Amino acid sequence: MAAEALARLGRLGPVFEQVGNLVILTGRTLRSAIRAPYPYGDELVEQIYFTLRLCWLPLLASTFALNLGAPGLQAAGPLQVFGSLDRLGGFFVLTAIRWIGPLVTAVVVAGVAGTAITADLGARKIREELDALQVLGVDPIKNLVVPRFLALMVVTALFDAFAILFGLAAGIVAELIYHQSLGGFFATLFSNAASTDVWGSVLMCTIFGAIIAVVCCYKGMTASGGAAGVGRAVNEAVVISLVGVSAFNYIFTAVLLATHPELQTVR
């Protein structure tokens, strides 16, 4: 039994190694972001613009469609049967603000911007550009990783705010489809929503962006094996990013509900 357990732990060695490397890269990125000099201003603006340009349309369309379909139309049907369609506003606090907004933001940013970051850095790694930068005395962490890290944190926080707005807009459309007045929707929405819901959602999405950036940069900077290796790195980056986002979502939600028990009260 002991031998089998050790053998299983041995097979998990590469997983622990990658987790350790990601933690080290995160520490180096935070240290490089804080310490002067700050030569990445132009790159930071370019990465923010690049991510906004690629992600805004699929993000808003996905958020609106997902909120209108599942928590909107499907939840409105049973609520109408019981004469409680005005409770749909309170239900959207759970879905649009706490769940669908942050989740869709993370998925879209990881699938669109994260893959582009991994492919870009992976191609530079294959062409040995990263080694050339180190030979020239240029720190790849400060000049390449930090601007992407900060850009994704800023963009995911911004996108989450818009995802919440479009999610609530989907709830309003669902109410109108069922020919209901919006008074009850907004009454239960504002009676159940709290400032903690909003800042918790935005903070969670900001850290989602940090997780995606670290994972995608790491996979890009460690890619090997030519073009096929870059493709594998892109696939692995998306999978690991979403696993990391899901794990952090569980931890963050548990801590937030434990420290703010009033969020579990339905009004």
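The values are calculated or read from the model by the stated rules, or taken from the named source; none is laboratory data. Owing to the predicted nature of the structure, the values given are computational and were not obtained by experimental measurement. Cβ: placed from backbone, ideal geometry, glycine included. Neighbour counts: every protein chain shown.
Being of a type outside the set (D, E, K, R) and free of Cβ contacts under 8 Å to residues at least 12 places away in the same chain is the filter here; which residues of region 46-64 pass it? Break it down stepwise before answering.
Narrowing region 46-64 to residues of a type outside the set (D, E, K, R): 47-52, 54-64.
Those that are of a type outside the set (D, E, K, R) and free of Cβ contacts under 8 Å to residues at least 12 places away in the same chain: 49, 57, 61.
Testing residue 229 on (1) buried (at least 18 other Cβ atoms within 10 Å of the Cβ); (2) touching a Gly at 6+ places or on another chain (Cβ under 8 Å); (3) in a helix (DSSP H, G or I), one condition comes back false. Which one is that?
Result: residue 229 fails condition (1) only.
Can you name the helices (runs of 4 or more DSSP H) wholly within region 106-217 that have at least 2 residues being within 25 Å of the chain's Cα centre (by Cα) and closer than 24 Å to residue 24 by Cα?
115-126, 146-177
Among the listed residues 136, 165, 158, 144, which satisfies the condition of being under 25 Å from residue 125 (Cβ atoms) and modelled with pLDDT of 85 or more?
Working: 136 fails: modelled with pLDDT of 85 or more; 165 fails: under 25 Å from residue 125 (Cβ atoms); 158 fails: under 25 Å from residue 125 (Cβ atoms).
144 is the lone residue from the list that is under 25 Å from residue 125 (Cβ atoms) and modelled with pLDDT of 85 or more.
It is to be established whether one or more residues within region 117-124 are crowded, with 24+ Cβ neighbours inside 10 Å, of a type in the set (Ser, Thr, Tyr) and either under 15 Å from residue 163 (Cα atoms) or at pLDDT 85 or above (or both). Please lay out each step first, then the result.
Initially, region 117-124 is screened for residues crowded, with 24+ Cβ neighbours inside 10 Å, giving 117-118, 121-122.
Filter once more, keeping what is of a type in the set (Ser, Thr, Tyr): 118.
From the residues that got through so far, the ones that are either under 15 Å from residue 163 (Cα atoms) or at pLDDT 85 or above (or both) too are 118.
There is at least one residue in region 117-124 that is crowded, with 24+ Cβ neighbours inside 10 Å, of a type in the set (Ser, Thr, Tyr) and either under 15 Å from residue 163 (Cα atoms) or at pLDDT 85 or above (or both).
Only one residue in 224, 181, 201 is of a type in the set (S, T, N, Q) and under 29 Å from residue 253 (Cβ atoms), so which one is that?
Working: 224 fails: under 29 Å from residue 253 (Cβ atoms); 181 fails: under 29 Å from residue 253 (Cβ atoms).
Going through 224, 181, 201 in turn, just one is of a type in the set (S, T, N, Q) and under 29 Å from residue 253 (Cβ atoms): 201.
For region 22-66, which residues satisfy the criterion of being in contact with a Lys or Arg (Cβ under 7 Å, 6 or more places away or on another chain) and in a helix (DSSP H, G or I)?
32, 47
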